[in-house]
Amino acid sequence: MFFRKPSPVHPPWTFKSESFSKLKDSHHPILTSNLRYTLLLSLFLASWLLLLFWFTPFSSATTPAAASHATRKLLPPQTHCDDGTVSVYVYNLPSRFNLGLLTHCQNLNIYTNMCPHVANRGLGQPIPNYMSLSSAAWFSTHQFIAEMIIHARVENHPCRTRDPTKANLFYVPFYGGLHASSMFREANHTLRDELAVDLVRYLQDRPSWQKHNGKDHFLALGRTAWDFMRSEHGPDFGANILLNLPPVQNMSVLTVERQPWKGSNQYGIPYPSYFHPTTVSELERWQTMMTESERPYLFSFVGGPRKGLEKAAIRGEILRQCEESTRCKLLKCGGGGGIKCHEPSVVLDVMTKSQFCLQAPGDSFTRRSTFDSVLAGCIPVFFSPHTAYSQYAWYLPAEEKETYSVYIDEKGEGSKTIEKELMKIPSEKVKRMRETAIKMIPRLTYAHPNASDVGFKDAVDVALVQLSRIVQAKINAGS
Ligand SMILES: *[C@@H]1O[C@H](CO)[C@@H](O)[C@H](O)[C@H]1NC(C)=O
Ligand SMILES: *[C@@H]1O[C@H](CO)[C@@H](O)[C@H](O)[C@H]1NC(C)=O
Ligand SMILES: *[C@@H]1O[C@H](CO)[C@@H](O)[C@H](O)[C@H]1NC(C)=O
């Protein structure tokens, strides 16, 4: 451990003198009785340490820690596989559970043809020369495709192991969201649930599952948990029963929206946005641009009305207030304007010019728009605690919510006077919040899956570290 994590003030060569002085201070009889012998032994040990240090596969990862503080930012951070925190095994599932589904990409979603969206392992179609940045990092990524991007990213991840006996984390790359959305209209529940039941049976036959009854296994789903939690009594939203199957309740489940009351094994992950950088310099260039961006609009709203949905009642209010305010930019979706709302450059154009971005609940509590807005350096304004604070503990922590977001209770008086509420915040504070939001961009971003070690911790890195921690605790508690 010591060799892999040299303290930043000691370059590697100081180990020699350090180990020497340690041996010298020792009271071991043989060493204190013969100085020559001590010296020889010390030199031998020191060179052995140096060799070990230079030739371990981790040595390159430790270099940044030894770098001075000023230059550290430019170098890749130490990866967390170093100390064995994360060692993830990826199941090679039969293709009917993941890539095989893509052969029917035109029927994977009852509303849209998914073929353009599943391209490039889920990144979707590239956006060439976005904002005249000559960068290959921009894609028009579909909101419900995180499961594919995560699969590709974990396959290339530096913490991946191909030896299940060395793994502390088992990833089950099931494209459950894509499959669920292809079956929403399937009236026969047995058929709708078939693949989920099949998956569980497959897993239960594996020795690596049996070891801990799946407690060290995880799924990543690109759709909300509600799509996998059909109950016998509730209304039929087209959901299947994946997350209600008892073996799956032993697993951890990553999802873009957790069920806030029952989803104790569900962990919120960001919706994918449009930016998938390969290098830390691409990322930093974008962060600088967002810090310097002119923001003429106090606030903006990208969205449309939702008729008859109680949890989206605030939308009507927001649309009205935004239309009436000279300080609000409205990008209205639905009807004739709907297409623009899925045009990444149009959405980002509004958000990069706004100080605050309103995030009203829609069809469900959460929105992809939250992540687009942080990416654009626009401070999110939430109206329900379930849009972010009860969802993304690893990414948008509730305890720090005042530092990066504004909360206006949808049922409170403030929701009637949004502009006035936002005007109350001193501009110095707005600037600080924006800076905090911009600092969150890396961990809310899905790095390009072809880049193995990107040099910053992205959404997948954060999830793997947190999952390892949770799995360890579960296994300790169970034994
Ligand atoms: C990743 O790399 C492979 C092999 O070089 C290439 O075929 C593929 O198109 C790349 N994927 C993406 C999403 O760019
Ligand atoms: C539903 O599908 C299953 C599996 O194919 C089949 O056995 C069953 O008869 C079907 N039920 C109905 C009501 O059609
Ligand atoms: C879940 O794990 C517990 C403890 O390891 C085990 O007793 C139980 O049988 C597991 N449940 C299922 C459905 O596998």
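Quick notes on this one:
- Estimated FRET transfer efficiency when R0 is 35 angstrom, pair Asn129-Ser264 (beta carbons, to 0.05): 0.20
- q = 0.13, 0.19, 0.21 Å⁻¹, the stretch 250-344: log10 I(q)/I(0) [Debye, one scatterer per Cα]: -0.78, -1.13, -1.13
- Cα-centre dipole for the stretch 360-479 with unit charges at Cβ (Lys and Arg positive, Asp and Glu negative), debye to 20: 120 debye
- Overall, the stretch 382-436 carries a charge dipole of about 160 debye about its Cα centre when +1 sits on the Cβ of Lys and Arg and -1 on the Cβ of Asp and Glu, all other atoms neutral.
- Full extension of the chain between Asp453 and Lys411 gives 10.6 nm of extra length, using 0.36 nm per residue less the Cα-Cα distance.
- Peptide packing for 221-227, 439-445, 190-196, 287-293 was compared via the average number of neighbouring C-beta atoms within 10 Å per residue; ordered from the highest value, the list is 221-227, 439-445, 190-196, 287-293.
- Each eigenvalue of the Cα gyration tensor of the stretch 179-318, multiplied by 5 and square-rooted, gives one semi-axis; in descending order these are 35, 25, 13 Å.
- Computed lengthening from His212 to Arg432, 0.36 nm per intervening residue step minus Cα-Cα distance: 74.7 nm
- Given charges at Cβ of Lys, Arg, Asp, Glu: the stretch 348-432 dipole, positive-most of Val350, Val406, Ile418: Val350
- Take the convex hull of the alpha carbons in the stretch 371-448; its mean projected area over all directions comes to 5.4 nm².
- Placing dummy labels 7 Å off each Cα toward the beta-carbon, the span from Lys401 to Lys166 is 4.3 nm.
- Residues whose amide H comes within less than 5 Å of that of His217, counting only those at least five positions distant or on another chain, are Phe170, Ser252 (H built at 1.01 Å from N in the peptide plane).
- Sites Met423 and Ser281, calculated FRET efficiency, Cβ-Cβ separation with R0 30 Å, nearest 0.05: 0.20
- A simple spin-label model places pseudo-atoms 7 Å from Cα toward Cβ; at Ala477 and Ala136 they are separated by 4.4 nm.
- Kirkwood Rh and Cα Rg combined as Rg/Rh, the stretch 292-358: 0.98
- A cut-off of 5 Å between modelled amide H atoms, ignoring neighbours fewer than 5 places along the same chain, links Trp138 with Ile127, His276.
- When the trypsin sites (Lys or Arg not before Pro) in the stretch 334-429 are filtered for DSSP coil states and for at most 13 other beta-carbon atoms within 10 Å of their beta-carbon, the remaining sites are Lys411, Lys424.
- Taking 0.36 nm per residue of separation and subtracting the current Cα-Cα distance, fully stretching the chain between Lys307 and Arg201 would add 34.0 nm.
- Note, ³J(HN,Hα) from phi for the stretch 286-293, Karplus 6.51, -1.76, 1.60, rounded to Hz, x at Gly and Pro: 5, 4, 5, 4, 6, 5, 8, 4
Throughout, read-outs are computed from the coordinates displayed, never taken from laboratory work. Since the model is a prediction, treat every value here as computed from it, not as a measurement. Neighbour counts run over all protein chains shown; Cβ positions are idealised from the backbone, glycine included.
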